[in-house]
Amino acid sequence: MDFARHLTSLRGQFVQLAVWFAFLLIVFAPLERIFGRRKQRIFRRFFLADLVYYFLNGIVPRLLMILPLTVLSAGLHRLTPLAFYSCMAALPLWFRLVLALLANEIGGYWGHRWSHEIPFLWRFHAVHHSAEELDWLITAKAHPVDIFFTHFCATVPLYIFGLAQPFATRVDSVPMAVAILSTYWAYFVHAYVSWRFGALERLVATPAFHHWHHTNDGPEVLNKNFSAMFPWVDHCFGTLYLPEAWPGKYGSDAAVAPDLAGQLLDPLTPAASRIEPPALNNSAIR
Ligand SMILES: [Zn+2]
Ligand SMILES: [Zn+2]
């Protein structure tokens with residue numbers, strides 16, 4: 001009985017993801033065609049593998065989050081006075097949303113940065129950086145453990161500051177809005193559209209900002225632009241790099257398997273310890 005219910009719920013998630021996929025394709029395929037920096041096919045190399053990643057990452061990371069978030073929230077409820085949560089809940093919705101976006105961004109920034117700096121995490125994150133062509137669908141090309149870790153880091157501050165209520169009986173609108181906004185902003189910043197927004201680019205992440213995160217143009221420009229939505233967070237932590245030009249080439253020198261099965265399984269094996277993180281260069285280039 002329980003199995004049948006889980007199967008129905010899984011089917012529901014697949015349908016939901018398929019609808020979102022159709023929406024993303026309808027939005028981004030024409031945008032990239034019209035405003036693309038160069039000609040790139042929609043059904044390019046590895047499109048099918050990235051489609052598998054899309055569905056996999058729509059389901060697996062959420063499952064991986066259940067246990068650690070339950071433990072975290074149970075711990076926080078023991079340690080934090082109830083009055084604090086009531087106080088946070090009494091704040092205006094827009095203010096809670098702004099706080100949640102900031103908390104999510106700073107947690108996500110460090111989760112992403114650690115994924116570059118800590119060899120054990122880089123072996124998973126290297127899959128995302130193995131893409132040598134960028135488009136909107138590359139957002140989904142990532143190891144589920146990598147997505148889980150960064151999302152977990154982004155979510156922890158929301159729980160600590162009472163901006164997400166894990167045991168809420170009704171829909172928790174603030175974390176849901178943050179999740180939807182940050183997820184779909186990620187598709188935008190991966191798209192290979194050539195729009196530039198001048199000074200605004202230092203406030204809100206654009207494709208150029210995130211494309212520089214994917215560059216493989218030399219060690220001095222690696223490990224920059226870790227933020228998901230707000231480049232000024234990178235500025236605060238000394239990792240912003242946003243010149244007028246676009247990167248010459250994308251990808252990384254990490255030894256990542258070319259096939260989907262290898263990319264998913266290799267990071268789980270001891271042999272993955274030979275996947276070195278990109279050379280760290282902490283000097284802030286501006
Ligand atoms: Zn990265
Ligand atoms: Zn990316």
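The values are calculated or read from the model by the stated rules, or taken from the named source; none is laboratory data. A quick note: this is a predicted structure, and the numbers were derived from the prediction, not measured. Ideal geometry is used to build each Cβ from the backbone, glycine not excepted, and the neighbour counts take in all protein chains shown.
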Could you give me the residue pairs with C-beta distances under 8 Å whose first residue belongs to the stretch 6-18 and is closer than 16 Å to Ala140 by Cα, whose second residue is surrounded by 10 or more Cβ atoms within 10 Å (Cβ to Cβ) and among the hydroxyl-bearing types (Ser, Thr, Tyr) wherever it lies, and which are 6+ apart or on separate chains?
Leu17/Tyr54
Under 8 Å between Cβ atoms, at least 6 apart or on separate chains: pull out the pairs that start in the stretch 216-232 with a residue that is within 12 Å of ligand 1 (Cβ to nearest atom) and of a type in the set (A, V, I, L, M, F, W, C) and end on any residue that is assigned to a loop (DSSP other than H, G, I, E, B) and modelled with pLDDT of 90 or more.
Leu222/Asn216; Phe226/Phe237; Phe226/Thr239; Ala228/Ala205
Please name all residue pairs, on different chains or six or more residues apart, with Cβ atoms under 8 Å, provided the first residue is in the stretch 242-271 and is β-branched (Val, Ile, Thr) and the second residue is outside any helix (DSSP H, G or I) and surrounded by 13 or more Cβ atoms within 10 Å (Cβ to Cβ).
Val256/Ser130; Val256/Ile275
Reported set for the stretch 111-121 where residues are more than 9 Å from ligand 1 (Cβ to nearest atom) and closer than 14 Å to Phe226 by Cα is Gly111, Trp114, Glu117
Which of (1) among the small types (Gly, Ala, Ser); (2) more than 21 Å from Ala261 (Cβ to Cβ); (3) buried (at least 20 other Cβ atoms within 10 Å of the Cβ) is the odd one out, the single condition Ala179 does not satisfy?
(3)
Going by what's in this entry, would Ser130 be described as closer than 20 Å to Ala257 by Cβ, touching a Phe, Trp or Tyr at 6+ places or on another chain (Cβ under 8 Å), within 13 Å of ligand 2 (Cβ to nearest atom) and small (Gly, Ala, Ser)?
no
Every listed condition ((1) modelled with pLDDT of 95 or more; (2) among the small types (Gly, Ala, Ser); (3) part of a loop (DSSP other than H, G, I, E, B); (4) surrounded by 19 or more Cβ atoms within 10 Å (Cβ to Cβ)) holds for Ala208 save (3)
Can you pull out the residues in the stretch 199-243 that are within 18 Å of Arg113 (Cβ to Cβ) and acidic (Asp, Glu)?
Glu220, Asp234
Hey, could you check the stretch 132-152 for residues that are in contact (Cβ under 8 Å) with a residue 60 or more places away in the chain and of a type in the set (Phe, Trp, Tyr) and say which is surrounded by the fewest Cβ atoms within 10 Å (Cβ to Cβ)?
Phe152
Given Val27, Val19, Val98, Val127, which one is within 16 Å of ligand 1 (Cβ to nearest atom) and of a type in the set (A, V, I, L, M)?
Val127
Out of everything in the stretch 1-50 that is small (Gly, Ala, Ser) and out of contact with any Leu (no Cβ under 8 Å at 6 or more places or on another chain), what residue ends up being surrounded by the fewest Cβ atoms within 10 Å (Cβ to Cβ)?
Ala4
Regarding the stretch 175-186, can at least one residue be identified that is within 12 Å of ligand 2 (Cβ to nearest atom) and either in a helix (DSSP H, G or I) or hydroxyl-bearing (Ser, Thr, Tyr) (or both)?
yes
Which of (1) of a type in the set (Phe, Trp, Tyr); (2) more than 16 Å from ligand 1 (Cβ to nearest atom); (3) touching a helix residue (DSSP H, G or I) at 6+ places or on another chain (Cβ under 7 Å) is the odd one out, the single condition Phe43 does not satisfy?
(3)
Which condition does His116 not pass, out of (1) away from ligand 2 (no atom under 16 Å from the Cβ); (2) surrounded by 12 or more Cβ atoms within 10 Å (Cβ to Cβ), if it passes all the others?
(1)
Within the stretch 31-44, can one find any residue that is of a type outside the set (Lys, Arg), out of contact with any Lys or Arg (no Cβ under 6 Å at 6 or more places or on another chain), modelled with pLDDT under 90 and assigned to a strand (DSSP E or B)?
yes
Determine whether Leu97 is part of a helix (DSSP H, G or I), touching a residue at least 40 places away in the same chain (Cβ under 8 Å) and either among the polar types (S, T, N, Q) or away from ligand 2 (no atom under 13 Å from the Cβ) (or both).
yes
Return the only residue of Leu121, Leu134, Leu158 being outside any loop (DSSP other than H, G, I, E, B), out of contact with any Ser or Thr (no Cβ under 6 Å at 6 or more places or on another chain) and not charged (D, E, K, R).
Leu158
